[in-house]
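Heads up: the structure comes next, in structure tokens.
The values are calculated or read from the model by the stated rules, or taken from the named source; none is laboratory data. Nothing here was measured: the structure is a model prediction, and the numbers come from that model. Reconstructed Cβ throughout: ideal geometry from the backbone, glycine too, with neighbour counts over all protein chains shown. Only protein heavy atoms, including side chains, enter the accessible area calculation; ligands, DNA and RNA are left aside. Shrake-Rupley method; radii C 1.70, N 1.55, O 1.52, S 1.80 Å.
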Amino acid sequence: MVFGPLARYIHKNRTVPQKAVSTPWMASGNIILITEDRAFKFHKRTLTLHSTKFAERIAIMNDGNTDIVDDCPVLEVPFATSFDLGNFLAALDELHNDPDGLTFPLATLEEFNIVQGVIRIATISNTSKLRTRAIAALQVRYPTTLAQWDVVRPPLHTPPLDNWEWDRALIINLAREVSAFSILPAAMAMLTNDCSAGEVFGIRLPPSQHPPPPQSLPTSPVESSLIDNDPFSPIDPTPPIPPPRERTALNDRDGQS
């Protein structure tokens, strides 16, 4: 089935336009993945070994309805942006060829965007090992133990350690979206530690005001009697008589039961 403009172009012309070729584009690759206006050439074996969803999709691509370019089947990936898919494939290739060498630095906002894109695609495609490694990178900043929390807990009113400010709400939304619940406690703690209520809920709060004196607070009938009466006067043991209920159809049915 053909979806986007690039998929339609390839279906019609049986070629990938040069301007769509993106990294990674592996000369020895045997499958072309496309999304938005970008195409990536990759290895089917790497995808099928690490991702159950890609393995299931690739297994049915010999049904005669798949476009072929340079002996490579073309697979559209509609759930990913081109930025995220390129980073996902690069990380997956490194995980496959050099598992110990795969790292996710988080010193800049762009590096964080790479990690969150990798986690999203790894979650959707059930690429579990890559997903675990990417979430582990976030756990360095949002740890799961008290000992690690004492190491990373930022002091109050200090500038960020790196050249960008971590957005706590962004981290929390990402964790909920991809079910990375292990980083939620630390993220929530940091959010409440360094953000106001207005920042948390994204609203502008009115300036703080002193609470009104007790005498001006709204009171219930019982509280009014305590305030108005002499505290040393005898307490009336007779309980107050409640007002009659307003007659409604529901009350009528109650009376008939």
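Regarding His50, is this residue under 24 Å from the mean Cα position of the chain (by Cα) and open to solvent by 30 Å² or more (accessible area, probe 1.4 Å)?
Taking the combined requirement at face value, the residue satisfies it.
Scan region 56-66 and tell me whether some residue there is under 21 Å from Leu6 (Cα atoms), modelled with pLDDT of 90 or more and touching a Phe, Trp or Tyr at 6+ places or on another chain (Cβ under 7 Å).
no
Can you work out which of the residues in region 134-164 that are assigned to a loop (DSSP other than H, G, I, E, B) and under 26 Å from Ala122 (Cβ atoms) is modelled with the highest pLDDT?
My answer is Tyr142.
Condition test on Thr103, is it loosely packed, with under 13 Cβ neighbours inside 10 Å, under 25 Å from the mean Cα position of the chain (by Cα) and over 21 Å from Ile10 (Cα atoms)?
yes
Which residues, counting only those in region 90-100, are open to solvent by 50 Å² or more (accessible area, probe 1.4 Å) and of a type in the set (D, E, K, R)?
The answer is Glu94, Asp98, Asp100.
For region 54-89, which residues satisfy the criterion of being under 24 Å from the mean Cα position of the chain (by Cα), touching a residue at least 60 places away in the same chain (Cβ under 8 Å) and surrounded by 15 or more Cβ atoms within 10 Å (Cβ to Cβ)?
Within region 54-89, Phe54, Glu76, Ser82, Gly86, Leu89 meet the criteria.
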